[in-house]
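Rule-based calculations on the coordinates, nothing more; no lab input. These numbers come from a predicted model, not from an experiment. Note that we place each Cβ from the backbone using ideal geometry, even for glycine, and neighbour counts take in every protein chain shown.
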Number of protein chains: 4
Amino acid sequence: MAAALMLRASVSLLHRHGKVCADWLAWVSSRAMASKTPVGFIGLGNMGNPMAKNLVKHGYPIIACDVFPEACKEFQELGTQVADSPADVADKADRIITMLPSNPNAIEVYIGTNGILKKVKKGSLLIDSSTIDPEVSKELAKETEKMGAVFMDAPVSGGVGAARAGNLTFMVGGVEQEFDAAKELLTCMGSNVVYCGEVGTGQAAKICNNMLLAISMIGTAETMNLGIRLGLDPKLLAKILNMSSGRCWSSDTYNPVPGVMDGVPSANNYQGGFGTTLMAKDLGLAQISATNTKSPVPLGSLAHQIYRIMCAKGYAQKDFSSVFQFLREEENL
Amino acid sequence: MAAALMLRASVSLLHRHGKVCADWLAWVSSRAMASKTPVGFIGLGNMGNPMAKNLVKHGYPIIACDVFPEACKEFQELGTQVADSPADVADKADRIITMLPSNPNAIEVYIGTNGILKKVKKGSLLIDSSTIDPEVSKELAKETEKMGAVFMDAPVSGGVGAARAGNLTFMVGGVEQEFDAAKELLTCMGSNVVYCGEVGTGQAAKICNNMLLAISMIGTAETMNLGIRLGLDPKLLAKILNMSSGRCWSSDTYNPVPGVMDGVPSANNYQGGFGTTLMAKDLGLAQISATNTKSPVPLGSLAHQIYRIMCAKGYAQKDFSSVFQFLREEENL
Amino acid sequence: MAAALMLRASVSLLHRHGKVCADWLAWVSSRAMASKTPVGFIGLGNMGNPMAKNLVKHGYPIIACDVFPEACKEFQELGTQVADSPADVADKADRIITMLPSNPNAIEVYIGTNGILKKVKKGSLLIDSSTIDPEVSKELAKETEKMGAVFMDAPVSGGVGAARAGNLTFMVGGVEQEFDAAKELLTCMGSNVVYCGEVGTGQAAKICNNMLLAISMIGTAETMNLGIRLGLDPKLLAKILNMSSGRCWSSDTYNPVPGVMDGVPSANNYQGGFGTTLMAKDLGLAQISATNTKSPVPLGSLAHQIYRIMCAKGYAQKDFSSVFQFLREEENL
Amino acid sequence: MAAALMLRASVSLLHRHGKVCADWLAWVSSRAMASKTPVGFIGLGNMGNPMAKNLVKHGYPIIACDVFPEACKEFQELGTQVADSPADVADKADRIITMLPSNPNAIEVYIGTNGILKKVKKGSLLIDSSTIDPEVSKELAKETEKMGAVFMDAPVSGGVGAARAGNLTFMVGGVEQEFDAAKELLTCMGSNVVYCGEVGTGQAAKICNNMLLAISMIGTAETMNLGIRLGLDPKLLAKILNMSSGRCWSSDTYNPVPGVMDGVPSANNYQGGFGTTLMAKDLGLAQISATNTKSPVPLGSLAHQIYRIMCAKGYAQKDFSSVFQFLREEENL
């Protein structure tokens, strides 16, 4: 809330582009027909890179942009148009996807000095796939609306592998009439595109899922560890949990105990997967949302603290299922 | 551990029935053939009553026993033989099932002044379906073994409804060769009989499952509450979680938010189901096992404390999914 | 961090008042001599009201301002000058004290449309006694500095009683050379004025103290409750703790158990004192600071959640030591 | 409770030494006058060794006993009488002090095959300074009473240094009329001997103090860490806390941050002091007492888990204030 109100407070000092236009639906319809016209893509990191490539594969010419010029090189060599700044992208495309690491980057890209909103065209569709504070999404949407354009939040679930394979899940928040237009693009990058409600609910869904995921992963890790110490075979214990009420994704699909499953990070020394540091970031967002909405999240909070401590103790780059290793007694200490 | 060692320490003072007989397998085989001979059943409470009836339905005459004589009345009227004490049961039956509320009751029934072991026959099979400390199970098994008999722990998952319907799950610990003999009886009362390993592992499996269940239930409750406050529709949020990595039994089968699912306690003002006070008891056992084995269980511990506080705040008799109600802001306060 | 960066990002769009003047020390010296010239006071609530009166008592004419006109009436009747807006105050006084409930209010009062910074004079001294996010304090300081003025954060410890008696504690952050000028005013309202370091450290000190206070209060409550249940007399237990390593302010000065001490909220049904809802607010700030600086605060986090749940369960208006009552078994449930 | 009931259940099978004698006060008075007659001392480890020496220094001949014969050597060389077993000690002395590591040792020494109670004389005074479960103390007291003797629990606060210097604190539970007799001996080893109430309350007081100590130590550590990251000087922050409501023994007497105080473990790489593993043990006892009495201890529980994890991560032998180091971001990871 604080963040949002601050943004709002200072934004109120900005020079305004006149009254918010009421007939944006008219503009929107002109854009919606422009399929296969260039799509702006801002943020070509680990996730953005394969996502943008999948768009290209589906026949959409893109206009690439990243704060690090090297990130654009690969695209340039493929003949892709590269823009100097988010504003420049907005000048050249009326559909833009952004994939950025955190709140401040998203703010800079949208409302910064050379941000998208500096040159956004009326009726443009802006889709932000970053995972950020839903309050920030809401504020960016308000500012976007003032320019007569449309903002949707569409964070993803699934990692780099899913980004490459084009089977990410998108959780989308924003005006429902625009969902189909967004879906047209998102389907090129994901196998699952879910409409969640008004702006910010995409972020909310993402944050909620990951908070529950973190809780059940730590819960699975400590349960498996306790069971093993009580004399149970880990595979058998996993089997029992999975046919009982303790069953969860972390126990049946991504078990954190080495030797229980193949093809998961615990089978590969916790390499790959979803890094502890990323989980800690998402739990930080959940914590801030919970604090702002005065929602008690006792286990979510403790999960946040545990992943935070793990980051400080050498687990930052390991998959978040390494909490099993963290909790386990180390024999040689 | 403390408990077990204490028991062991004091038990070492007991008069011994001579050396532990090595040829118990001989006795055992004579008993194992005696199918449909009377089966002792001690503990005819909410769970034991329907379990015993299911045994009778399957053609096993039972010898009933309960510390409260009224509990036996119903069986007496059906023509069932009633015994005065656990020792008396042991005198009349060589297969006995016990279903008792807690550690001290189990200890009293097995090694008390009129306990089973006072008159147990060599080769008898004693199956304890109580949920108790696995260390106590192990000690009871040792004392039973000294008498040349066999002890197995076989706690159940599933409540009174499952007990009536005969589809409980039994998690069984004990000598593997005896598992078939135990299964013969348990199958009359449950649809699922799982062998978990040596004595105590049945309890361990039960405790582990319920700890993870408690964690994921509270996690689901706080996640759903947070999502709702962030503007998500509860049904939609549940749907999203259930197709994502946040999925768990508490979210997809027993959702704690009223209106999301039918036929669960949250749809019925949290009546029926598995009471908060019972969950708190099981979490207490998990906590003691974790303390004794020096296993860190940060979320399990906090879940225990939350259910403990709920018991103090009026939720003791409600289903454990009422944690959603507990965490929720009460509008009129 | 997010909040700060957002503010910074959007502020970068503001019209700038030319380069930040290097010779502010010159302006400052002219103001510092102007003792007993009018002092602006913005925010005349429960705390601000008695604080402002103490300033007046010490001979400082004040220029009063509050978003609720009624809050100014009392002062108006005393012949005090009342200003229309924070900007108006800044036009009339070069020393201003603000006492506001939360982040967004502080932002509005400083950088809003009619905020102080709209008309602040070069060399002015702005002292913010609100308890807010230290990152917000830092950003307000930066914006103030751009106008050639000085911002200090000076949150207080002590409640309405201490405000009336003029013995608050002020924890002050900001440029050290300005500390004496701030102290001149703050001494009229508090008995203890501590310099903490650069801007934001006053808030940091306040937040840290209250987080540790919350932890030790809950710790004292659960320890006293456990001891009582184990058969200890509460007064004796408090005495033992207070002469041992468990000693803390919550055990020896503000004991939460009714009957142990006189003159504290626990002796008066938890009325008066420091409300649970205010403690929850400060813990929310601590949580946000910890999340932003990636500092693990496991107990601080859990304390936050417990006070959050208490707010939802009817304890919002009671003193924060009522956590003893919250944790206690209620006999009649 | 479980433990106690188990003990009780099995003890009921023991051969009884006739009816409990009602006139134990008569025996007691004969013993109480026997000052400077030999005192039995069982358990000559790190703590027991210097304690026993202090008794000798005060002119009490001792009869030494330890399960490890080497532990007695030093005393033997000083001319002290050494007994073969606790029973043997009881045969030779009517005042006995025990100082043992944990529940099972205490049980063995008192009611084991060669335990004290095998040969205890009527009217003997048995003082147990071990830190154990108060329920076990109560059961040992009951068994002792049956023999016509007196049992008191008298756990200590203060480490090896205080044991050597003779300034331990003793928290004593038991029959009040016997307190003076116990105090006569305990004063030789401690500067502070506090009567806490009936049997078990000495343990309760010890457990309660250490639980609150653990909570406030972790709280201090995370608060100091947060403050430092927010830009506060650690010494200044400690000073502010210590004059405010965050003040506690861990902040003002045993600060966990290196550089803040001299002469504490944090000034010496967390060597010496009170080991993490011992704190984890005491928190385990607190947890078991809380579970058995159904007392919610949310922060105590979490403190237990944190110290448990620290034991697994290489901090077992460091002073418990090393939690500051544990929570801190390690720069080179």
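In table form, for the structure just shown:
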{"read-out": "Segment C:36-178 - share of DSSP beta bridges that are antiparallel (%, nearest 5)", "value": "15"}
{"read-out": "³J(HN,Hα), Karplus 6.51/-1.76/1.60, whole Hz, each residue of segment B:247-261, x for Gly, Pro", "value": "3, 7, 4, 5, 8, 9, 10, 8, 4, x, 9, x, x, 7, 9"}
{"read-out": "Pairwise centroid distance, computed over Cα atoms, of segment B:129-174 with segment A:154-230, Å", "value": "41"}
{"read-out": "Neighbour net charge for D:Tyr307 - beta-carbon separation under 12 angstrom, K R +1, D E -1", "value": "+3"}
{"read-out": "Residue range of chain C that is longest and free of trypsin sites (Lys or Arg not before Pro) which are both DSSP loop and sparsely packed (at most 12 other C-beta within 10 Å)", "value": "C:37-333"}
{"read-out": "For A:Glu198, label point 7 Å along C-beta direction: distances to other copies, nm", "value": "4.1, 6.1, 6.1"}
{"read-out": "Label-to-label distance, nm, for residues given as B:Glu176 and A:Lys36 (7 Å Cα→Cβ offset)", "value": "6.5"}
{"read-out": "Filter on C:Lys121/C:Lys146; D:Lys122/D:Lys281; B:Lys206/B:Lys281; C:Lys53/C:Lys138 - keep pairs with C-alpha separation over 22 Å", "value": "D:Lys122/D:Lys281; C:Lys53/C:Lys138"}
{"read-out": "Label-point separation in nm, C:Met243 to B:Ser191, each point 7 Å along Cα→Cβ", "value": "6.5"}
{"read-out": "Ratio of the Cα radius of gyration of chain A to 2.2 N^0.38 Å, where N counts its residues", "value": "1.08"}
{"read-out": "Rounded to whole Hz, the Karplus (6.51, -1.76, 1.60) HN-Hα couplings of segment B:291-305, x for glycine and proline", "value": "5, 5, 9, 6, 9, x, 9, x, 6, x, 4, 5, 4, 4, 5"}
{"read-out": "Other-chain or far-sequence residues with amide H under 5 Å of D:Asp133's (modelled H)", "value": "D:Asn103"}
{"read-out": "Long-range amide H partners of C:Ser124 with built H, under 5 Å", "value": "C:Val150"}
{"read-out": "The protein assembly as shown - share of DSSP beta bridges that are antiparallel (%, nearest 5)", "value": "15"}
{"read-out": "Label distances, nm, A:Gly79 versus same residue in remaining copies, Cβ-directed 7 Å point", "value": "8.6, 9.1, 10.6"}
{"read-out": "Segment B:205-328 shape via C-alpha gyration tensor axes, a/c threshold 1.5", "value": "prolate"}
{"read-out": "Phi-based couplings in Hz for segment B:136-147 (Karplus 6.51, -1.76, 1.60; Gly and Pro marked x)", "value": "5, 4, 4, 5, 4, 5, 4, 5, 5, 4, 4, 8"}
{"read-out": "DSSP beta bridges in chain D [antiparallel fraction, %, rounded to 5]", "value": "15"}
{"read-out": "Shape call, segment A:35-198: gyration tensor on alpha carbons, a/c limit 1.5", "value": "rounded"}
{"read-out": "Label 7 Å beyond Cα on the Cβ vector: C:Gly314 copy-to-copy distances, nm", "value": "0.5, 5.1, 5.1"}
{"read-out": "Subset of B:Lys142/B:Lys294; D:Lys36/D:Lys183; D:Lys73/D:Lys118 violating a 18 Å alpha-carbon distance limit", "value": "B:Lys142/B:Lys294; D:Lys73/D:Lys118"}
{"read-out": "Mean-position separation - Cα centroids, segment A:76-117 and segment B:235-281, in angstrom", "value": "43"}
{"read-out": "For D:Val257, residues with placed amide H under 5 Å, excluding near neighbours", "value": "none"}
{"read-out": "Calculated FRET efficiency for the pair B:Phe68/A:Asp262, C-beta based, R₀ 56 Å, to 0.05", "value": "0.60"}
{"read-out": "Estimated [θ] at 222 nm from DSSP helical runs (n ≥ 4, -39500 (n - 2.57)) normalised by residues in the protein assembly as shown, nearest 500", "value": "-14500 deg cm²/dmol"}
{"read-out": "Translational diffusion of the protein assembly as shown, µm² s⁻¹ [Kirkwood Rh, Cα pairs; Stokes-Einstein; 10 °C; 1.306 mPa s]", "value": "47"}
